[in-house]
Amino acid sequence: MSHGLDPKLIRAQAQAIKIPIIQRKLTWDTYEREFKKAVLEIKQAGVKGVVFGDVDLQEHKDWVDRVCKELGIEAIEPLWGADPEQLLTEFMNEGFEAIVVRAKADIFGEEWLGLEIDENFVKELRKLKNKSNFHILGEAGKYHTFVTNGPLFKRRIRILEADKFLKDGYWSLDIAKWEID
């Protein structure tokens, strides 16, 4: 929900990686309840743990740990405590491709939308970070990305058409058309 992406695009990502996906229609008020239902569903299918991408947002890790403990499933946090800049470098070096799809308007301008995560992006991010202190990986919702290709992908997602808009203090990229190569 925080990324503001069409659920069909998330399904396309799962299709490109060739992994199953469970999606639920929900609101922030129903998030925990629906999350628990989905986790119980995969637990019944034999899944023993859930992987999360938290780096150092303690509030979210506490929530993850609590909810997974309540459900009797392992919370796996492989990135927890790692150096944020090193993670960004490793992400690029491993061959992942991603673009910015949402950014906090009081830090980022509209021009950040659609930018590829590459060396130039990191340079610009460092410059901006010197002016406005924020987490370089966008933790706490400062910016969000969408991965279009990488080592896990069997096929690439190509963005063909997108519009930019400002809403509720965030610049967002409305991806209207894409294809899976």
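Can you list the chymotrypsin sites (Phe, Trp or Tyr not before Pro) in the range 1-71 that are in a DSSP coil and have 14 or fewer other beta carbons within 10 angstrom?
Trp28
Multiply the residue gap between Glu111 and Glu41 by 0.36 nm, knock off their C-alpha separation, and tell me the result in nm, one decimal place.
21.1 nm
Between Asn93 and Leu71, what is the FRET efficiency for a Förster distance of 30 Å, r being their Cβ-Cβ separation, to the nearest 0.05?
E between Asn93 and Leu71, to the nearest 0.05, is 0.30.
List residues of the range 146-173, by number, whose backbone nitrogen lies under 15 Å from a label position 7 Å along Cα→C-beta of Leu79.
146-152
Just flag the GluC sites (Glu not before Pro) in the range 91-181 sitting in loop per DSSP whose Cβ has no more than 10 other Cβ atoms within 10 Å.
Taking the range 91-181 and a limit of 10 other Cβ atoms within 10 Å, the loop GluC sites (Glu not before Pro) found are Glu94.
Tell me, what ³J(HN,Hα) does each residue in the range 86-100 have, in order and in whole Hz, if you take phi through Karplus 6.51 cos²θ - 1.76 cosθ + 1.60 with θ = phi - 60° and put x for Gly and Pro?
Karplus-based 3J(HN,Hα) across the range 86-100 equals 5, 4, 5, 5, 4, 4, 5, 5, 6, x, 6, 10, 8, 10, 6 Hz.
Answer with a single label: of (i) 19.1, 74; (ii) 16.1, 48; (iii) 16.9, 49, which was calculated as Rg and Dmax of the Cα atoms in Å from the structure in view?
Working out Rg and Dmax of the Cα atoms in Å from the coordinates points to (iii).
Given a Förster radius of 45 Å and the C-beta distance between Asp118 and Thr27 as r, what FRET efficiency does 1/(1 + (r/R0)^6) yield to the nearest 0.05?
About 0.80, to the nearest 0.05.
Step through the residues of the range 26-39 one at a time and calculate ³J(HN,Hα) from phi using the Karplus curve (6.51 cos²θ - 1.76 cosθ + 1.60, θ = phi - 60°), rounding each to whole Hz and writing x for Gly and Pro.
Whole-Hz 3J(HN,Hα) from phi for the range 26-39: 7, 10, 4, 5, 9, 4, 4, 4, 5, 4, 4, 4, 5, 5.
Since every read-out is calculated from the coordinates, none of them should be taken as a lab result. Keep in mind the model is a prediction, meaning the values are calculated, not measured. Here the Cβ is made from the backbone with ideal geometry for all residues, glycine too, and neighbour counts use every protein chain on show.
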